[in-house]
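Quick note: the coordinates plus some simple rules give every number you see, no bench work behind them. Remember, it's a predicted structure, so these values are computed and weren't measured experimentally. With ideal geometry, Cβ positions are generated from the backbone for all residues, glycine too; neighbour counts draw on all protein chains shown.
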Amino acid sequence: MFEATTILAYKSENGNAVIGGDGQVTFGNTVLKNNATKIRTLYKNKVLAGFAGSTADAFNLFDMFEEHLENTKGDLLKAVINFSKEWRKDKYLKRLEAMMLVLNEKNIFILSGTGDVVEPEDGCLASIGSGGNFAIAAARALKKHSKLKPKELVEESLMTAGDLCIYTNKNIKILTLEKENK
């Protein structure tokens, strides 16, 4: 578990995808920054991604993952598998204590340098980072007992994590993908 951040992703039944993250960057017991951006859109704004780990590693891994998305023409499943293989085999990168969360309107995956490619059991909610368990617990309760829209559900869940995790703040950033009407 990383004492670094909280990232929460939600893929709704109607195909909308939302990812959110807090803005706190810590070094040991010191807050270095309160407004970092740990999430981004990739591949023609069709994939959302979030990162838990060191900032320098995030940029390298996002770029590497986006290259795999380009090579697979946006096929998230193929890109995730190829990326995971490369991440695990790389001498330097496999030692990173980092995780990524990626999703589109169809899939959601948690990735790690040990080669893990995990699709959540429920297929719709996933979290990473030190406040991830707080955020996902709140999201599951809100999903079951409220009628919040996906973006609101992610925001409220991250705010709850910010109340509980000292490595998570309430400077929340959220990105969304809305299902294209065809």
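Hydrodynamic analysis of region 84-123 uses the Kirkwood radius over alpha carbon pairs. Inserted into Stokes-Einstein at 37 °C and 0.692 mPa s, it gives a translational diffusion coefficient of 308 µm²/s.
From the coordinates of this entry, Rg and Dmax of the Cα atoms in Å is computed, and it appears in [x] 16.4, 57; [y] 17.3, 56; [z] 15.2, 49 under the label [z]. P(r) tail, region 41-134: Cα-Cα pairs separated by more than 24 Å, 12% of all pairs. Across all Cα atoms of region 1-78, the radius of gyration (one decimal) and Dmax (whole number) stand at 13.9, 42 Å.
Net charge of the neighbourhood of I110, taken over other residues with C-beta under 9 Å away and scored Lys/Arg +1, Asp/Glu -1, is -2.
Going by neighbour counts of Cβ atoms within 10 Å, the residues C124, C165 line up, fewest first, as C124, C165. Within region 85-182, the chymotrypsin sites (Phe, Trp or Tyr not before Pro) that combine a DSSP coil assignment with at most 12 other C-beta atoms in a 10 angstrom radius are Y92. Treat the count of other C-beta atoms within 10 Å as a stand-in for reagent exposure and order L8, L101, L76 from fewest to most. So the residues, fewest neighbours to most, are L76, L101, L8.
Residue pairs exceeding 30 angstrom between C-alpha atoms, taken from K89/K143; K11/K38; K89/K144; K11/K73; K73/K170; K38/K143: K89/K143; K89/K144; K73/K170.
Over region 90-143, Cα pairs under 8 Å with separation of 6+ residues give a relative contact order of 25 percent. Springs between Cα atoms under 10 Å define the GNM used for the chain, and in it the highest mean-square fluctuation of T114, T160, T30 occurs at T30. Across q = 0.13, 0.15, 0.28 Å⁻¹, region 98-170 modelled as identical point scatterers on its alpha-carbon atoms has Debye log10 I(q)/I(0) values of -0.39, -0.52, -1.30, in the order of the q list.
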